[in-house]
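The values are calculated or read from the model by the stated rules, or taken from the named source; none is laboratory data. A quick note: this is a predicted structure, and the numbers were derived from the prediction, not measured. In this analysis, Cβ positions are derived from the backbone assuming ideal geometry, glycine residues included, and neighbour counts consider all displayed protein chains.
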């Protein structure tokens, strides 16, 4: 497997993006430790730990990860979870509906592809190795609070997968949307490869109505200002 490169970028004083060629994860500072939102593809755990070491100044083997939150059960987001849990002892949190997928008990539902998505899907899929199953320690539901230093709440955002969730940092007005939203050429778009496109559009509209200044996605550059207005503009066209 080729080495996975990682680009570390600071979003706020407590939130960093961990960008790889295929997907982004996010690191949330939690005191002297971190919480991760998604983990990228299998084989990327060294790059993620190196990135966290770069933030904290601690050696990779001493980086503390309290929680690994998975936004949904797709291999490009869950691939590093098992290895990272083994190496850090972190808990794994995931949406209850997608937990059987993440634990390897059943496959993720197939996406309903629009004509324009078919070629892209077949280009991307071979680049994503299967994610090793990982036990879900905490099964998440709509409205669950997260026990992190920065107040955060779980939001249901089904459609990309049946159990897809987003994380809202209410006081900070920051949204981490998983694949419910993406961006292309710095403009927000509906996420691609959705298992239920109509439901995905409804979730996008719900997230667009939130009072957020910053919005972060699994794919594409984050919106770093006036996120609600920009998301509402896209939602009106869906």
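Quick notes
- You will find that of 202, 172, 235, 229, the residue that is within 20 Å of residue 26 (Cα to Cα) and either under 17 Å from the mean Cα position of the chain (by Cα) or surrounded by fewer than 21 Cβ atoms within 10 Å (Cβ to Cβ) (or both) is 172 and no other.
- Any hit, segment 110-132, residues being at pLDDT 95 or above, in contact with a strand residue (DSSP E or B) (Cβ under 8 Å, 6 or more places away or on another chain), within 23 Å of residue 159 (Cβ to Cβ) and assigned to a helix (DSSP H, G or I): no
- Enumeration of residues in segment 57-87 that are at pLDDT below 95 and in a helix (DSSP H, G or I): 60, 61, 62
- From 163, 191, 178, residue being closer than 21 Å to residue 151 by Cα, buried (at least 21 other Cβ atoms within 10 Å of the Cβ) and within 16 Å of the chain's Cα centre (by Cα): 178
- Subset tally (residues that are surrounded by fewer than 13 Cβ atoms within 10 Å (Cβ to Cβ) and closer than 18 Å to residue 38 by Cα) for segment 126-146: 4
- Checked against (1) touching a strand residue (DSSP E or B) at 6+ places or on another chain (Cβ under 9 Å); (2) more than 15 Å from residue 177 (Cα to Cα), residue 43 passes all but condition (1).
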